[in-house]
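K.L.:
Encoded as structure tokens, here's the structure I'll be asking about.
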Amino acid sequence: MLRLLRNRDVILILALLAGLGVGQGAAYCEPLVLPALGLVMTLSVLGVPMDILRSPKDLVAPTLLALFANFLLLGGLQLGLSRLLIHQPEISNGFVLLAVVPPAVAVIPFTHLLGGDRIFSLVGTVGSYLSALILTPVCAWLFLAGEVVVHPYRIAVIVAELILLPLLLAALLQRWGWDRSLEPYKGTVTNWSFFLITYTIVGLNRHLFLQQPLELLPVMVIALATTFLWGEIIEWFCRWQGVSQPRLTSLVLLGTLKNYGLAGGLALTLFSPQTSVPAAVSTVFMIVYIIWLNLKWQWVWKRQAKLAKF
């Protein structure tokens with residue numbers, strides 16, 4: 001039972017069920033979303049060797065590829081499909097926030113679990129988050145300016161709280177040697193912080209999931225297309241180009257996973273619960289997609305990686 005309660009997939013599924021079943025408490029949890037995100041971000045980068053940030057030239061290539069895959073291609077696909085299929089301004093704004101946030105922090109641990117290129121994912125993710133300090137507020141202001149007035153300074157402050165501050169805190173914890181003491185608890189705290197975030201986002205939109213599921217159909221179509229279908233396209237293209245299996249795995253993760261928690265937190269802070277619907281639905285699809293990638297790693301990718309060595 002204790003092992004189950006520490007399992008990320010089980011915890012996220014429990015959060016979804018709790019949000020749908022007893023989501024009334026989500027309104028009381030809403031003020032805790034941003035602090036929980038900050039905690040997750042701090043713990044996620046705690047194992048990152050900060051020495052990589054001292055050599056900017058080593059960050060350039062992985063960062064550019066990560067930005068191209070996550071911001072330009074995936075973000076562009078999310079924006080394009082939302083323009084075609086979404087007609088509610090609140091939901092459309094939610095997809096704008098999805099498009100302009102950096103990759104999911106889960107890219108780093110999932111790269112390790114799926115046998116990907118850990119250094120590439122690590123450097124690409126860190127570089128993307130540093131770039132997001134500028135790209136996220138500027139792009140959000142540009143794409144949202146026509147529909148709602150959001151000052152870029154307000155977005156920049158929130159992004160700094162969730163990206164820059166965690167990086168600084170992680171660096172201090174490493175310098176003081178506290179990171180080793182926190183290591184045994186990092187996974188559990190991170191997973192249950194995601195429980196709080198997921199429960200709150202789903203719970204606040206519980207009525208849409210239960211009473212108006214047909215209205216979520218276009219959102220689900222976009223979430224499906226930008227994970228499962230887009231991931232298959234990335235894999236096919238990488239194999240066609242002769243990309244190694246570890247690098248392919250990293251590019252699939254960077255090209256399909258957005259920081260839905262950050263997007264949902266921004267939506268709740270800047271707009272309304274309805275604006276967080278794309279983040280809530282995408283979180284559900286991300287959980288199923290990660291489970292699918294794990295099965296694919298066990299059945300297909302691991303075998304192909306072994307064959308590539310001969």
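K.L.:
Within the group GLY255, GLY265, which residue is within 15 Å of VAL107 (Cα to Cα) and among the small types (Gly, Ala, Ser)?
P.N.:
That would be GLY255, the only listed residue that is within 15 Å of VAL107 (Cα to Cα) and among the small types (Gly, Ala, Ser).
K.L.:
Do we find that PHE110 is among the aromatic types (Phe, Trp, Tyr), touching a residue at least 24 places away in the same chain (Cβ under 8 Å), touching a helix residue (DSSP H, G or I) at 6+ places or on another chain (Cβ under 7 Å) and closer than 23 Å to LEU266 by Cβ in this structure?
P.N.:
So PHE110 passes the test.
K.L.:
What number of residues within the range 72-88 are surrounded by 14 or more Cβ atoms within 10 Å (Cβ to Cβ) and not hydroxyl-bearing (Ser, Thr, Tyr)?
P.N.:
Matching residues across the range 72-88 total 10.
K.L.:
Shifting gears a bit: Pairs under 9 Å by beta carbon, first residue more than 20 Å from GLY264 (Cβ to Cβ) in the range 162-176, partner of a type in the set (Asp, Glu) and in a helix (DSSP H, G or I), six or more apart or different chains?
P.N.:
ALA170/ASP179; LEU173/ASP179
K.L.:
Right, another one. Which members of the range 250-301 meet the condition of being outside any helix (DSSP H, G or I) and under 19 Å from MET220 (Cα atoms)?
P.N.:
Scanning the range 250-301 gives LEU257, LYS258, ASN259.
K.L.:
From the list LEU5, LEU17, LEU37, pick out the single residue that is modelled with pLDDT of 85 or more, assigned to a helix (DSSP H, G or I) and aliphatic (A, V, I, L, M).
P.N.:
Just one listed residue meets the conditions, LEU17.
K.L.:
Oh, and also: Among the numbered criteria (1) surrounded by fewer than 24 Cβ atoms within 10 Å (Cβ to Cβ); (2) farther than 21 Å from SER82 by Cβ, which single criterion is violated by THR269?
P.N.:
Every condition holds for THR269 apart from (2).
K.L.:
While we're on this one: Need a quick list: helices (runs of 4 or more DSSP H) entirely within the range 147-218 having at least 3 residues that are of a type in the set (Val, Ile, Thr), modelled with pLDDT of 80 or more and surrounded by 19 or more Cβ atoms within 10 Å (Cβ to Cβ).
P.N.:
Passing ranges, in order: 179-204.
K.L.:
If you take the residues of the range 99-110 that are closer than 15 Å to ILE287 by Cα and in a helix (DSSP H, G or I), which of them is modelled with the highest pLDDT?
P.N.:
Here the answer is VAL107.
K.L.:
Then there's this: Would you call LEU262 of a type in the set (A, V, I, L, M), surrounded by 24 or more Cβ atoms within 10 Å (Cβ to Cβ), more than 25 Å from LEU114 (Cα to Cα) and out of contact with any His (no Cβ under 8 Å at 6 or more places or on another chain)?
P.N.:
For LEU262, the condition - of a type in the set (A, V, I, L, M), surrounded by 24 or more Cβ atoms within 10 Å (Cβ to Cβ), more than 25 Å from LEU114 (Cα to Cα) and out of contact with any His (no Cβ under 8 Å at 6 or more places or on another chain) - is not met.
K.L.:
Another one. Based on this model, can you work out whether GLU235 counts as modelled with pLDDT under 80, touching a helix residue (DSSP H, G or I) at 6+ places or on another chain (Cβ under 8 Å) and either in a helix (DSSP H, G or I) or farther than 28 Å from ILE119 by Cα (or both)?
P.N.:
Spelling it out, it is not the case that GLU235 is modelled with pLDDT under 80, touching a helix residue (DSSP H, G or I) at 6+ places or on another chain (Cβ under 8 Å) and either in a helix (DSSP H, G or I) or farther than 28 Å from ILE119 by Cα (or both).
The values are calculated or read from the model by the stated rules, or taken from the named source; none is laboratory data. Given the structure is predicted, the values throughout are model-derived calculations rather than measurements. Neighbour counts run over all protein chains shown; Cβ positions are idealised from the backbone, glycine included.
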